Amino acid sequence: MNEIRSAEILCVGTELLLGQIVNTNAAWLAREMSLLGIYSFYQTVVGDNPERLASVLEIAAGRTDLIMMTGGLGPTQDDLTMASAATFAGRRLVLHEPSKAAIQEYFHSLGRHQVTGSNWKQALLPEGALILENHNGTAPGAIIEFLHHGRPVILILLPGPPSEMQLMFAESVRPYLQQRTLKKLRHRFIHMIGIGESAAEEALIDLISAQQNPTLAPYASEGEVMFRITQSCATDFDPDLTEAVLAEVRCRLGDFIYEVGPRGMPEVLSDLLVAQKKTISFAESCTGGLAAAMITDLPGASKIFKGGIVAYDNQVKQDQLHVSAATLREQGAVSEACSIEMAAGCRHVFNTDLAVAITGIAGPCGGSSEKPVGLVWLAICDSHGCRSQKLQAGGNRSRIRRVAALYAMDLARRSLLS
Ligand code: ATP
């Protein structure tokens, strides 16, 4: 087995070159591969053009062991990635019967019994390739191992739509790559909220810079602080080594840790609500429904989420949530009193165990020296009464809104744990 030492991500699509879609596949794949210890030294984007695709394949194969491609596997004329890759690797396209059957099955599951002629094209696959099933669409992926000027190169072809690409990567590509990397990495993710990135790094700087095995490193994540403990194990994984680092992080910053594992804040909160058989509702002003959207992104949200009110305008705060005119007049919409009245009104309207309110100034305008941009008041009401929390978030409008929604969920999480 040849170890994969370098990779290149090659995304195909004229839409990407025109800026009509953002290349999220490259970012996602780069992150996933780095977690496997495979570093992508180059990222390339090329349009749906056979000559230019052949030329970037030639360049990539000359400098990397693994070429990870996405896009252009669809049924239409301009989807030419599979054919171009097969030609480049010196393989014929042959009919792959299991893929033909899977395409037929997929159309039947959608209630369409007539498979269009062009869809059969997706069952024409490179001879000798490892074919990857697509459980979210029709285009199969492929892994082609071949020699380029006598040097082994691996080409992996994945569909463009992120939902198809990510599932195929998780089901087929990750296990394949794990077999082909000598360096075995095990990660644990520590999620924190309530502390800034630099303060957290400062508290852990000696552990971060010691860089033994396992290593501790910050991990980028918007609106929260994340760290990654990585243990490299040539043979066996020793959980005690990772646990020792984790224990030290807990000892220093335990109050801010809300998850050690893969879950984000919405999932952690949702799981707690399910476990305690409780329901939640949101009254949102500056976040415009973001907290509700984040919770309803999770399957099964109906068990714990009853509803939300986007009370952006003061009149809506009064009419729908019964915030008093006096509070709005004397203290303003971004105030502790208003947040508490919003949460109380919300709990009354939805009859939930918990109701959380968010009211703040997302900017860029509307701030003052007394109430600067990024000021957010959060409140929660439950069977024990109402509590509030003041937050001063930094960054642009979108970051302030995201941080506000995450902190609001954290307020609910803490109340469930108290
Ligand atoms: P399909 O079978 O849907 O045609 P495909 O493999 O041919 O899939 P493309 O036609 O290249 O993929 O892209 C289909 C859609 O997938 C694009 O319109 C876009 O929404 C998404 N997509 C493609 N490439 C990327 C990318 N690099 N990053 C994010 N999204 C992408």
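So in segment 175-210, with the set limited to residues that are in a loop (DSSP other than H, G, I, E, B) and more than 30 Å from residue 154 (Cβ to Cβ), which one is least open to solvent (accessible area, probe 1.4 Å)?
In this case the residue turns out to be 193.
Quick grid of which residues meet (1) under 21 Å from residue 400 (Cα atoms); (2) crowded, with 24+ Cβ neighbours inside 10 Å; (3) not polar (S, T, N, Q):
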{"site": "275", "(1), (2), (3)": "no, no, yes"}
{"site": "280", "(1), (2), (3)": "no, yes, yes"}
{"site": "289", "(1), (2), (3)": "yes, no, yes"}
{"site": "292", "(1), (2), (3)": "yes, no, yes"}
{"site": "301", "(1), (2), (3)": "no, no, yes"}
{"site": "334", "(1), (2), (3)": "yes, no, yes"}
{"site": "343", "(1), (2), (3)": "yes, yes, yes"}
{"site": "353", "(1), (2), (3)": "no, no, yes"}
{"site": "372", "(1), (2), (3)": "yes, no, yes"}
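Name the single residue, out of those in segment 363-389 being in contact (Cβ under 8 Å) with a residue 40 or more places away in the chain and among the hydrophobic types (A, V, I, L, M, F, W, C), that is farthest from residue 280 (Cα to Cα).
Taking the candidates together, the pick is 375.
Could you tell me which numbered condition residue 263 fails, if it satisfies all but one of (1) in contact with a helix residue (DSSP H, G or I) (Cβ under 9 Å, 6 or more places away or on another chain); (2) assigned to a loop (DSSP other than H, G, I, E, B); (3) more than 24 Å from residue 188 (Cβ to Cβ); (4) open to solvent by 50 Å² or more (accessible area, probe 1.4 Å)?
Going through (1) in contact with a helix residue (DSSP H, G or I) (Cβ under 9 Å, 6 or more places away or on another chain); (2) assigned to a loop (DSSP other than H, G, I, E, B); (3) more than 24 Å from residue 188 (Cβ to Cβ); (4) open to solvent by 50 Å² or more (accessible area, probe 1.4 Å) one by one, residue 263 breaks only (3).
For segment 1-120, give me every one of the strands (runs of 3 or more DSSP E) that falls completely inside it and has 1 or more residues that are of a type in the set (Phe, Trp, Tyr), away from the ligand (no atom under 14 Å from the Cβ) and under 20 Å from residue 143 (Cα atoms). Lay out the reasoning, then the answer.
Details: elements: 7-12, 40-46, 66-70, 93-95.
Qualifying strands (runs of 3 or more DSSP E): 40-46.
In segment 211-231, which residues are modelled with pLDDT of 85 or more and either more than 16 Å from residue 247 (Cα to Cα) or among the hydrophobic types (A, V, I, L, M, F, W, C) (or both)?
216, 217, 218, 219, 224, 225, 226, 227, 229
Taking the options 399, 329, name whichever one is of a type in the set (D, E, K, R), without any contact (Cβ under 8 Å) to a residue 12 or more places away in the chain and open to solvent by 20 Å² or more (accessible area, probe 1.4 Å).
329
Name the single residue that is surrounded by the most Cβ atoms within 10 Å (Cβ to Cβ) among those in segment 14-26 being touching a strand residue (DSSP E or B) at 6+ places or on another chain (Cβ under 9 Å) and closer than 27 Å to residue 180 by Cβ.
Filtering first and then ranking leaves 25.
Between residues in segment 137-164 that are within 17 Å of residue 5 (Cβ to Cβ) and near the ligand (Cβ under 9 Å from one of its atoms) and residues that are acidic (Asp, Glu) and at pLDDT below 95, which pairs lie under 8 Å by C-beta distance while being six or more apart or on different chains?
none
Tell me, which residue of segment 127-169 that is of a type outside the set (A, V, I, L, M), open to solvent by less than 10 Å² (accessible area, probe 1.4 Å) and closer than 19 Å to residue 64 by Cβ is nearest to the chain's Cα centre (by Cα)?
169
Filter segment 27-47 for residues that are open to solvent by less than 20 Å² (accessible area, probe 1.4 Å), more than 20 Å from the chain's Cα centre (by Cα) and hydrophobic (A, V, I, L, M, F, W, C) and give the result.
Across segment 27-47, the qualifying residue is only 46.
Determine whether residue 58 is of a type in the set (D, E, K, R), open to solvent by 40 Å² or more (accessible area, probe 1.4 Å) and under 24 Å from residue 149 (Cα atoms). Explain how you work it out, then say what you get.
Values: of a type in the set (D, E, K, R): yes; open to solvent by 40 Å² or more (accessible area, probe 1.4 Å): yes; under 24 Å from residue 149 (Cα atoms): yes.
So residue 58 passes the test.
The values are calculated or read from the model by the stated rules, or taken from the named source; none is laboratory data. On a predicted model such as this, the values are computed, not experimentally measured, just so you know. Note that each Cβ is placed from the backbone with ideal geometry, even for glycine, and that neighbours are counted across all protein chains shown. SASA here: full protein model, heavy atoms, side chains in, ligands and nucleic acids out. Shrake-Rupley method; radii C 1.70, N 1.55, O 1.52, S 1.80 Å.
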